[in-house]
Amino acid sequence: MAELDTSGGGKHKGGKVRSKKQSTRVDLTAMVDLAFLLITFFIMTTTLAKPKAMDLTMPDKDDKTKDQLAVKASSSLTLLLGSNDKLEWYLGEAGKSAPTIIGYGPNDLRKLLVEKKADIEKATGKPMIVLIKPSSKSNYKNVVAILDEMNIVNVQSYAIVDILPIEVTDLQKNGLYNDTK
């Protein structure tokens, strides 16, 4: 068998005289400093995901009588936000048509908005106007869900308005004006 001689040389019987080899050492301190500088540079200059916000135009607090639009009952859809993640909707004026109770999911609210938007635009030739009326028993999450659906369905005209007493009575009658859990 062969044997590997790893000795640094020296005086051995019958061996050759070899010089002792120095180990090579590379100083990586400068390389590590450069790596940290590059990492710091890219972290500081990278733009992180910017939060997406929906534009919402609010009227002036002082000017309440100016710039009010008359909304035709034939082109308006009213959403009454109740408790328990449910809402009521009706077309036209309050008290003249029976409201329907639905949820906030894509199979309920989004489907309703798509269908009614097409029906109203076909019947009147004008865009649908959605009146969003949160009650005191609804929560912020539901208002945000409504606004998201308006953006998804591309409803151009919608407004958040005060709920009427007749609509609160209707929510109470249908069990949607309870304290939220």
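The values are calculated or read from the model by the stated rules, or taken from the named source; none is laboratory data. On a predicted model such as this, the values are computed, not experimentally measured, just so you know. Glycine also receives a Cβ, built like all others from the backbone with ideal geometry; neighbour counts cover every protein chain displayed.
Out of Gly103, Gly95, report the one residue that is under 20 Å from Ile146 (Cα atoms) and either surrounded by 12 or more Cβ atoms within 10 Å (Cβ to Cβ) or modelled with pLDDT under 90 (or both).
Result: Gly103 is the single residue among Gly103, Gly95 that is under 20 Å from Ile146 (Cα atoms) and either surrounded by 12 or more Cβ atoms within 10 Å (Cβ to Cβ) or modelled with pLDDT under 90 (or both).
Taking Thr180 as the residue in question, decide whether it is part of a loop (DSSP other than H, G, I, E, B), at pLDDT below 90 and β-branched (Val, Ile, Thr).
yes
Starting from segment 95-111, keep only residues that are on the phi > 0 side of the Ramachandran plot, then list their pairs with residues that are not aromatic (Phe, Trp, Tyr) whose Cβ atoms are within a distance under 6 Å, requiring at least 6 positions of separation or different chains.
These pairs meet every condition: Gly95/Ile166.
Restricting attention to segment 87-121, which residues are more than 20 Å from the chain's Cα centre (by Cα), under 23 Å from Lys141 (Cα atoms) and among the basic types (Lys, Arg)?
Residues satisfying the conditions do not exist here.
Name the residue, out of Lys117, Lys141, Lys111, Lys133, that is under 21 Å from Leu176 (Cβ atoms) and buried (at least 18 other Cβ atoms within 10 Å of the Cβ).
Testing whether each residue is under 21 Å from Leu176 (Cβ atoms) and buried (at least 18 other Cβ atoms within 10 Å of the Cβ) leaves just Lys133.
Of everything in segment 137-169, what is out of contact with any strand residue (DSSP E or B) (no Cβ under 7 Å at 6 or more places or on another chain), more than 26 Å from Ala53 (Cβ to Cβ) and in contact (Cβ under 8 Å) with a residue 24 or more places away in the chain? Give them in sequence order.
Result: Lys137, Leu164, Ile166, Val168.
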